[in-house]
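Chemist: The structure's right below; bear with me while I get my questions together.
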Amino acid sequence: MVQSTRKLPRSADVGQSRPRSAGFWRLLAATCGALVAAALAGPASPASAATGPEFFGTNFSTLSAIPADKQPVTLEALRAGRMTVNRIDVRWDQVESQGNRNENPKRANPYSWGALDGLIGAMAAKGLRASPSFRFEPGWARNSAGGLPPESYDDYGKMIAAFATRYGPGGTFWVGKPYAAQPVQTYELWNEANLDEYAWGKDADAAAYGEAAKVVRPIIKAALPSAQILGSISWKDSPEEADGAGMEPYFISKLAASGGLAALDGMGFHPYAPDAQSTLDLVVRLRNQLV
């Protein structure tokens, strides 16, 4: 996953190719322990690319496939390999299975953090930071067509804000822990929102995604002003390639036209390619669309 937390352009003409500008890009692995990340720093050569402590990472979405008794060994191997930033899935349907919309909003404990406490704590104990994406709406928040209706956007934002208050900088989770805090800094909205397979309702819709981003941004920022809010895409710049891969063509341009791109601080990009160079090529091509 590529993450750019640089402020994105706020104009409706995003989606046109432009020259690259300097900036820091982080590329996280596509599978846990398989592909390592690389970073791009504008026109800098590979030898002078960023080499900070959070240069490498993995996709932790597959950690559950590793037997529980083997997971500590896996975490230690990641620490030793400097794989310090790790994407995790935060399942809304598990965090808030009983929803707010039709219930008393003064419930004392509307969210269930137990599983995430264990995962994020185990990661932090090894010096690993979580980079979450928030997906899988609970049944109560879904409409009859299986999509996420506008009346649920507010609840989605509140769930992410509660997560940020708990696990972000200065979060309540870190109080009294015997290890150094690894606060969550980036918050990725959904997963591959331009891909029909993963978009809510199985129908990618840039305008709807943009509206959701505009609703949730102020909610998250009110809870944690420093939060970096990311979009989430798996992207092809050719409309023909995109359509053939089940992606909504011109998604970025449509997102900009809706005003949704302006609600994002960066873009979480999940590139899928047969080798490292092809992956980096996709990163460059996407960045040319965003700057």
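Chemist: Tally time: how many residues in the stretch 193-212 are charged (D, E, K, R) and either more than 14 Å from N143 (Cα to Cα) or under 17 Å from the mean Cα position of the chain (by Cα) (or both)?
Modeler: Result for the stretch 193-212: 4.
Chemist: Just checking: which of the helices (runs of 4 or more DSSP H) contained wholly in the stretch 138-250 hold 3 or more residues that are in contact (Cβ under 8 Å) with a residue 60 or more places away in the chain and surrounded by fewer than 19 Cβ atoms within 10 Å (Cβ to Cβ)?
Modeler: So the answer is 206-223.
Chemist: Oh, and also: Counting only residues that are touching a residue at least 40 places away in the same chain (Cβ under 8 Å) and not in a strand (DSSP E or B), which one in the stretch 82-93 is surrounded by the most Cβ atoms within 10 Å (Cβ to Cβ)?
Modeler: Selected residue: W92.
Chemist: Something else: If I filter the stretch 272-291 down to residues being at pLDDT below 85 and under 17 Å from M247 (Cα atoms), which single residue comes out as surrounded by the most Cβ atoms within 10 Å (Cβ to Cβ)?
Modeler: By that ranking, first place goes to Q289.
Chemist: May I pose another question? Restricting to the stretch 108-137, name every residue that is among the hydrophobic types (A, V, I, L, M, F, W, C) and either touching a residue at least 40 places away in the same chain (Cβ under 8 Å) or under 22 Å from K214 (Cβ atoms) (or both).
Modeler: Hits for the stretch 108-137 are W113, L116, L119, I120, A122, M123, A124, A125, L128, A130, F134, F136.
Chemist: Please determine whether any residue of the stretch 268-278 is in contact (Cβ under 8 Å) with a residue 60 or more places away in the chain, under 27 Å from K158 (Cβ atoms) and touching a Gly at 6+ places or on another chain (Cβ under 7 Å).
Modeler: Looking for residues that are in contact (Cβ under 8 Å) with a residue 60 or more places away in the chain, under 27 Å from K158 (Cβ atoms) and touching a Gly at 6+ places or on another chain (Cβ under 7 Å), one finds at least one in the stretch 268-278, hence yes.
Chemist: Please find, among E248, E241, E211, the residue that is at pLDDT 95 or above and more than 30 Å from T172 (Cβ to Cβ).
Modeler: Within the list E248, E241, E211, the selection yields E211.
The values are calculated or read from the model by the stated rules, or taken from the named source; none is laboratory data. Given the structure is predicted, the values throughout are model-derived calculations rather than measurements. Glycine also receives a Cβ, built like all others from the backbone with ideal geometry; neighbour counts cover every protein chain displayed.
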